[in-house]
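Worksheet for the structure shown next.
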Amino acid sequence: MWPQLILSGMAIGSMYGLVALGFQMTYAVSNTMNFSQGAVVMVGAVLCYCLNITWGLSAIAAVPITLILCAALGLLIERWIVRPFARNGSQSWLLSTIALGIIAENLVMLTFGKEVRGYPSPLAETPVSILNFGVYPLELVIPVVGLSTALALRLLFTRTLWGKAFQAASENPDTARLLGVPVTWLIALSFSLSTALAGLAGMLIAPIANVSATMGTLLGVKAFATAMIGGLSNPWGVMLAGVLYGVVESVAAGTLGGSYREIVGFIVVIVVLSVRPNGLFGRSQVKKV
Amino acid sequence: MNRRLIVGLSVFAITIAAALGAPNTYYLFVLGMVAVTTIVSVGLNILAGLSGQISIGHAGFFAIGAYAGSLLMLRAEWHFGAALALAALTAAGTGVALSGPALQVSGPYLAMVTIAFGIIVERVLIEWVSLTGGFGGLSGIPKPAVLGLQPVLRESVLFVIVLAFLSVVSFALLKRHPWGKAFQAVRDDAIAAAAVGLNPLYVRVMAFAVSAALTGIAGVFFAVIVGFVSPDSFTFHRSILFLLAVILGGLGTAEGAFIGALILIILPEFLHDFADYQLLVFGSLLLLTLRLAPDGIMSLFRRWAKPTAAVRPLSNPPDLPEFVTQNKQQMPLKVTDLSIQFGGIKAVDSVSFTAQPGTITAVIGPNGAGKTTLLNLISGFYRPQSGAITLGAAQLNRMGSRRIAALGVSRTFQATRLFNTLSVLDNLRVASVGQRLGFILKALLGMGISRKPEPQLLEVLSFVGYQGDVHSTASTLPFVDRRLVEIARALVTRPQVLLLDEPAAGLSQDDKKTLAQLIRRIASSGLKVILIEHDMELVMEISDQVLVMDSGAAIAYGPPAQVKEDPKVLAAYLGAGTTDVDLTRDALAATTPVLAVNNLVTGYDALQVLSGLSLQVNQGELVTVIGANGAGKSTLLKSLVNLLPTWSGDIDFLGQSLATTPAYEIAAKGLVLVPEGRQVLKELDVVSNLQLGGFHRQDNGVAQDIERMLERFPRLRERQHQKAGLLSGGEQQMLAIARGLMAQPKLLLLDEPSLGLAPQLVTSLYATLASLRDEGMTILLVDQMATLALEIADRAYLLETGKIVRAGAAQDWRNDSDLSKVYF
């Protein structure tokens, strides 16, 4: 049973990690986050479902179209829901993005419907046997996609000039501007990348978790928890925290019972944050008088 | 009776009448829910509004109250009153327990802790079936039969309406009570709060406890009115809605709690036939409110509120009121061999001095000398690694900032730290109450609220020379008044030692004179004053003794006249005699202007720093701008590259106005700033820093130029793959200059390149600058080391209080003894 629990924990955990990378990325350059990330996960799944299943587009086309739409959504969110509310140190962006999440969820409920729909996928139909344990191929694909996305982002940030510019903007925005980095533009880009990641997570998880208007809320909260325990300053840390969190949850649910998934998971979050207020892999801020 | 109370009572009366006349249980039920939610909003508003800690987990406290109350009445058959009290205590206890982890964190991390708490509570309710009944919940909860009430719905609703009204009144009272001010003070500035003797931790924990208790009480009434509780009522969603209600109504306003609750409950009822649209409307309404009335719906009513009549302190400043000096003792403050290191750098290096009662000790020194660190050590914000600070018998070096404040060490801050959302008077009230806040329940009952401004606080305000309205909000004060109020706030804590951190920075000449007199008068009343200041005129005029610091160490200590003549002091300030090599060159006959600044006016927020500055830099020249600290040198450079907006005036660069060019396009135009404090990108390696220097470049020469930079600065080559944050100060400065050069500047702006560097490094830095100059680079240099700057410069400008007061050829200034007067 254990390998199975761990594997499926890793699968769901890398989804948390993907969405959490989005939180981390926007927070790094702008000190703001999109609290409707969970809703974007749902939007990604629903869009892909509509394109692929309802309208019969092939998955090869549906997936990139969904990604592009989600990325565009991120630009809109940054421009209209975050930027106007983030001026002069106000925290209103937190509430405006929560409000957007509520709106998105209910809009989808009105248009897409309230029912939960299964997403038939060849990757989640017949379990394959590994070490005598049955797992869906998708549960193997998801961590691979998650980790390779994290790896790709890492390479992007450390090896390319634009990635370095991004790091510069998050460390010291004024200096980055002096060097010619268009920081405002990078912030918009980070939101767009973060919603694309959320959309990707939505598509990956749909065949396992089914598609519904409310599928994103709890996932968004857990992804946020992942970003927090990972520490907002380190993308690798966030991804690792996601996988760890997923495994803890999955093991708790498998050994103690279903609703211990959240009880144990969130107790771990509180304990981690009270011991390490900036997360497991986060940098501490220096107290300055 | 005031208008606010009349409106409040009318709303209350209408609600009571509605409950009495409600035709059926549906209306009663809705009224009851409005009242219950009002109590929750008041509770959440204490935490989020007053104390500034956003909670997205209040459904958890609501559930704990509801279930605890229900279980006590159902299983233990407790009387309603007793069950209510224990439920409130349980919720409060949970609040205190949660504040443990919650106070470790802030911002999004705090939001996460509260979210996690709320969800854990909900899941435990589902899981602990034997106690809570699981999904099915508990039913048959009895209505209260207390205070002669019949156990029927109508009377329970009337009961909770009365309580809701009282909770709103109680919030209004709390907000006016020192406790309420303390909540806000800690929210505005926890460090300043600790400096006036408050315990930020205790204050925040109490906010959690009271907030949780009220929410728990509301939970009991929820259970009683519905007669049934189940986990469905206490979801994450519910927590969000509670928070939204408070925000909609108006964070920190008493009536806002009611308005938010009203909308939260009534709106869905109106949309009863459109159940699917309820949350959609709610979400949109929230977005709209945030956009149109960011401070909530109550803020829209504020414009009709009658402004409080202005109260100004006496115009004739009296002597320092007696209560301020009642604490004074005839014992000196002794600092002995005090040291502290940060990451290997000795910020304060065995400094000793003694401050006697009734005297002023000034601490001076270049930027980065360790002056503010010394002040932070004395006031307990840092713990020294060795050495002692004694005040009479007390060993201050072993105490925290709050105990030190209680012993009578009071301070101001370099960047004035008032409690910005509080009025001037309330800033003083918080400080004068300090640790003696009393029991918080008294605050909720409104006991100990002062209606009129306390005369002794007004006296202190008039003593410091504050002449504005004492009800003005601190954030709206002019710069000078902020300084004065901060000094007044420090005085009302009844100090024996007063620490002032650059009180004169940014003040006009006239204001400085008044300030000097004020400090003198404070000292002559028997206080020990320790003053950090850059304005030498002021220091020399009023101090009894001067301690000069450089690179953490005390390089001179004595009366002002003696210190002034000390060659070490002159060297530290002017950099005189630190180079033996001749770096001068013959005057350059340059006439093609690269940069022309005309009548530039700019500053920060309300503080104007430059007032009509004009200067010019020609092709191939090295021009320096010298002037005392705070004259506006760095401000000038920042506004040239548009990191600060220009208020008025023109900046012409190569025949082009840069007024509308965003900061990130300036470098590509060829105007490149090497900023003060280096600002290398610490997390990136040396080569990446250099690459980013050429970020805007489209040509293929970047790699070649990096090679050239490594050639020029061999130290950087040795460290090319190290993170820039690990380089020494001198290497970081090299890197910052190299990074600037990578941008292919047509004009290089250098801001304080020698700041914090050891003397031999300064020499080699200036040699580098001279060689750049000789290669034909056009440079505008701002540096504290005036002598060195003049040695390599072709022309120089002297900047005083935001204006150019003198301009000329650098060679004429080199042996000008008048120049040291700028600094002394």
Can you name the condition, by its number, that B:Leu292 falls short on among (1) aliphatic (A, V, I, L, M); (2) surrounded by 15 or more Cβ atoms within 10 Å (Cβ to Cβ); (3) closer than 28 Å to B:Ala257 by Cβ? (2)
Restricting to the stretch A:86-137, count the residues that are within 14 Å of chain B (Cβ to nearest Cβ), among the hydroxyl-bearing types (Ser, Thr, Tyr) and outside any helix (DSSP H, G or I). 1
Given the criterion under 33 Å from the mean Cα position of the chain (by Cα), within 29 Å of B:Ser551 (Cα to Cα) and among the hydrophobic types (A, V, I, L, M, F, W, C), identify the matching residue among B:Leu755, B:Leu741. B:Leu755
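Do the conditions hold for B:Leu772, that is, is it assigned to a loop (DSSP other than H, G, I, E, B) and of a type outside the set (Lys, Arg)? Explain how you work it out, then say what you get.
Working: assigned to a loop (DSSP other than H, G, I, E, B): no; of a type outside the set (Lys, Arg): yes.
It is false that B:Leu772 is assigned to a loop (DSSP other than H, G, I, E, B) and of a type outside the set (Lys, Arg).
Residues that are in contact (Cβ under 8 Å) with a residue 60 or more places away in the chain: which strands (runs of 3 or more DSSP E) entirely in the stretch B:355-447 hold 3 or more of them?
Values: elements: B:360-364, B:386-391, B:409-411.
In the stretch B:355-447, B:360-364, B:409-411 are the strands (runs of 3 or more DSSP E) which contain 3 or more residues that are in contact (Cβ under 8 Å) with a residue 60 or more places away in the chain.
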Could you check the stretch B:587-625 and list, in sequence order, the residues that are aliphatic (A, V, I, L, M), at pLDDT below 90 and under 28 Å from B:Ala770 (Cβ atoms)? B:Ala587, B:Leu588, B:Ala589, B:Ala590
I want to confirm something. Restricting to the stretch B:668-684 and keeping residues that are more than 22 Å from B:Arg719 (Cα to Cα) and crowded, with 20+ Cβ neighbours inside 10 Å, which single residue is nearest to the other protein chains (Cβ to nearest Cβ)? B:Leu673
Of the listed residues (A:Leu240, A:Leu232, A:Leu280, A:Leu244), the one being over 12 Å from the mean Cα position of the chain (by Cα), more than 29 Å from A:Phe112 (Cα to Cα), more than 12 Å from every other protein chain (Cβ to nearest Cβ) and in a loop (DSSP other than H, G, I, E, B) is A:Leu280
Being surrounded by fewer than 24 Cβ atoms within 10 Å (Cβ to Cβ) and either under 29 Å from the mean Cα position of the chain (by Cα) or under 30 Å from B:Val186 (Cα atoms) (or both) is the filter here; which residues of the stretch B:54-87 pass it? B:Ile54, B:Ala85, B:Leu86
Is there any pair with a first residue in the stretch B:1-15 that is farther than 16 Å from B:Met298 by Cα and a second that is in a helix (DSSP H, G or I) whose Cβ atoms are under 8 Å apart and which are 6 or more apart or on different chains, and what are they? B:Phe12/B:Ile161; B:Phe12/B:Phe165; B:Thr15/B:Leu31; B:Thr15/B:Val34; B:Thr15/B:Ala35; B:Thr15/B:Ile161; B:Thr15/B:Phe165
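Let's see how each residue does on (1) within 14 Å of another protein chain (Cβ to nearest Cβ); (2) under 29 Å from A:Phe157 (Cβ atoms):
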site	(1), (2)
B:Ser639	yes, no
B:Leu654	no, no
B:Phe695	yes, yes
B:His721	yes, yes
Got a number for residues in the stretch B:271-306 being modelled with pLDDT under 80, closer than 26 Å to A:Val108 by Cα and either assigned to a loop (DSSP other than H, G, I, E, B) or among the hydrophobic types (A, V, I, L, M, F, W, C) (or both)? 3
For the stretch A:53-85, what are the residues that are within 30 Å of B:Gly296 (Cα to Cα), more than 8 Å from chain B (Cβ to nearest Cβ) and of a type in the set (Phe, Trp, Tyr)? A:Trp80
Of everything in the stretch A:155-167 that's aliphatic (A, V, I, L, M) and either buried (at least 24 other Cβ atoms within 10 Å of the Cβ) or at the interface with chain B (Cβ under 10 Å from one of its Cβ atoms) (or both), which residue is nearest to the chain's Cα centre (by Cα)? A:Ala165
Among the numbered criteria (1) surrounded by fewer than 18 Cβ atoms within 10 Å (Cβ to Cβ); (2) within 11 Å of chain A (Cβ to nearest Cβ); (3) of a type in the set (S, T, N, Q), which one does B:Ser688 miss? (1)
Can you find a residue in the stretch B:275-286 that is more than 21 Å from B:Ala63 (Cα to Cα), surrounded by 16 or more Cβ atoms within 10 Å (Cβ to Cβ) and of a type in the set (Val, Ile, Thr)? yes
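Which of the following residues is crowded, with 22+ Cβ neighbours inside 10 Å and more than 10 Å from every other protein chain (Cβ to nearest Cβ): A:Ser170, A:Ser194, A:Ser212?
Numbers: A:Ser170 fails: more than 10 Å from every other protein chain (Cβ to nearest Cβ); A:Ser212 fails: crowded, with 22+ Cβ neighbours inside 10 Å.
The conditions single out A:Ser194.
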Matching option when the condition is modelled with pLDDT under 90 and under 16 Å from A:Thr195 (Cβ atoms), among A:Val63, A:Val29: A:Val29
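The values are calculated or read from the model by the stated rules, or taken from the named source; none is laboratory data. Remember, predicted model here, so these are calculated numbers, not experimental data. Ideal geometry is used to build each Cβ from the backbone, glycine not excepted, and the neighbour counts take in all protein chains shown.
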